[in-house]
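What follows is a set of notes on a single structure, which appears directly below.
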Amino acid sequence: MRRIFVLKASTAVTAPIFILRNIAGTSGRLDIVCRCIINAFLINGRIRRNVDFYAVLEGPPSPPRLLMVSSELLSHLPKSEVEVARIIRDLLSIGKGFHPRNEAFKIDRMSFKKLILYLKNEGYSLVYLHENGVDIRKFNFASLTSTVFILGDHLGLDPASEKFLDSLNIPRISLGPISYLASHCIILVNEELDRLKV
Ligand SMILES: C[S@@+](CC[C@H](N)C(=O)[O-])C[C@H]1O[C@@H](n2cnc3c(N)ncnc32)[C@H](O)[C@@H]1O
């Protein structure tokens, strides 16, 4: 089963205006995006080949920007947040297209709503990760070919976005009663699906 993670990064900057030595303090929390990417793809000594990652960057000065990472094109994964942030900074300078030295990373202009509608129209099954949802262990993934897991950032999803997902009947799936970091949730989802061997 293909695992597709969508992070709505509501404050992440949309221009190369942050400082690599202080990513968390200067980038509108692009550090969360970087950690999510590392946790989505990296397992002990190798890259997960069944994962795609999207982050919608919605911070200033020119939102939205859609950052995409595809495991199929990933020859190597940067192991530190700074290395990932450097790639994102390059992409924000380019504005649109693939990263010249790592084609697994791409940037475009697309809103959260458009991305969700696109993924739905492509026939993917979508779920919204929320602590008050249906227990992930009770959800039936076996028959699904590809699943999109939607996550909020440090602020969570805003009410309008939640309403939008509800209007599409996208179910809420829970990893437990505690609110975890988005990057931690990605590890937990990967681990649950690994156990199911899907
Ligand atoms: C750091 S949490 C958001 C915290 C934010 N203060 C809030 O109350 O929504 C980031 C995201 O991880 C996901 N998440 C966190 N804990 C979860 C859980 N126990 N089950 C499912 N998803 C979870 C949600 O998508 C959430 O928006």
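With charges set only on the Cβ (+1 for Lys and Arg, -1 for Asp and Glu), what does the dipole of the chain come to about its Cα centre, in debye to the nearest 20?
Values: 26 positive and 19 negative charges, 68 e Å.
Using Cβ point charges on Lys, Arg, Asp and Glu, the chain gives about 320 debye.
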Legend entry - Nonlocal amide H pairs with Ala12, under 5 Å, H built at 1.01 Å: Glu58, Gly59
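Antiparallel versus total DSSP beta bridges in segment 70-198: what percent is that, nearest 5?
Details: 2 of 10 bridges.
Just about 20 percent of them are antiparallel.
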Inset, instruction - Collect residues whose amide H, placed 1.01 Å from N in the peptide plane, falls under 5 Å from the amide H of Arg172; neighbours closer than 5 in sequence don't count. - result: Tyr128, Val134
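Tell me the net charge near Thr145. Cut-off is 12 Å between Cβ atoms, Thr145 excluded, with +1 for each Lys or Arg and -1 for each Asp or Glu. Mind showing how you got there, number by number?
On the way: positive: Arg2, Arg3; negative: Glu122.
Overall, the nearby charge balance is +1.
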Legend entry - Backbone HN-Hα couplings from phi across segment 123-132 [Karplus 6.51/-1.76/1.60, Hz, Gly and Pro as x]: x, 6, 8, 10, 9, 10, 6, 8, 4, 9
Legend entry - Charge dipole of the chain about the Cα centre (unit charges at C-beta), most positive-ward option of Thr147, Ile187, Val51: Val51
Legend entry - Base-10 log of normalised Debye intensity for the chain (one unit scatterer per alpha-carbon) at q = 0.13, 0.14 Å⁻¹: -0.65, -0.76
Legend entry - Over 18 Å between alpha carbons, listed pairs Lys8/Lys120; Lys113/Lys138; Lys8/Lys197; Lys8/Lys114; Lys138/Lys197; Lys106/Lys197: Lys113/Lys138; Lys8/Lys197; Lys106/Lys197
Inset, instruction - Give the peptides 127-134, 25-32 in descending order of average Cβ contacts within 10 Å, highest first. - result: 25-32, 127-134
Legend entry - Linear extension gain, Ile17 paired with His76, 0.36 nm per residue minus alpha-carbon span: 18.7 nm
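Every number in this text was worked out from the coordinates using simple rules, so none of it is lab data. The model shown is predicted, which means the values in this text are computed figures rather than measured ones. In this analysis, Cβ positions are derived from the backbone assuming ideal geometry, glycine residues included, and neighbour counts consider all displayed protein chains.
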